[in-house]
Amino acid sequence: QLVEVESALGELDGTEKAYKIIGNIMVENDKSELKADLQSKKEILELRIKTMEKQETQVRERASKLQSEILKKIKKED
């Protein structure tokens, strides 16, 4: 989605008219309004990506910690 939004923003710079898809139709829209909407979407997507990356890091750290604890317990049993 982020790539699509960035691509759309790039295309807006090189065009005079801008269209927005609403349902199954395309409606002409104000270029600056559409650009502001896409910038907002881009910021939201970037924030979501950062949040997901942070969560992924936390899960990886927790999994690594659990793995080492399990290995220690297995070694103690031997």
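The values are calculated or read from the model by the stated rules, or taken from the named source; none is laboratory data. Nothing here was measured: the structure is a model prediction, and the numbers come from that model. Counting neighbours? That spans all protein chains shown, and the Cβs are built from the backbone with ideal geometry, glycine included. With ligands, DNA and RNA removed, areas are computed over all heavy atoms of the protein, side chains included. Shrake-Rupley method; radii C 1.70, N 1.55, O 1.52, S 1.80 Å.
What the table below lists for this structure:
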read-out: Flag for GLU4 being open to solvent by less than 100 Å² (accessible area, probe 1.4 Å) and of a type in the set (Asp, Glu); value: no
read-out: Any hit, region 32-42, residues being charged (D, E, K, R), modelled with pLDDT under 95, open to solvent by 100 Å² or more (accessible area, probe 1.4 Å) and assigned to a helix (DSSP H, G or I); value: yes
read-out: Any hit, region 61-76, residues being without any contact (Cβ under 8 Å) to a residue 40 or more places away in the chain, in contact with a Ser or Thr (Cβ under 8 Å, 6 or more places away or on another chain) and either open to solvent by less than 70 Å² (accessible area, probe 1.4 Å) or in a strand (DSSP E or B) (or both); value: no
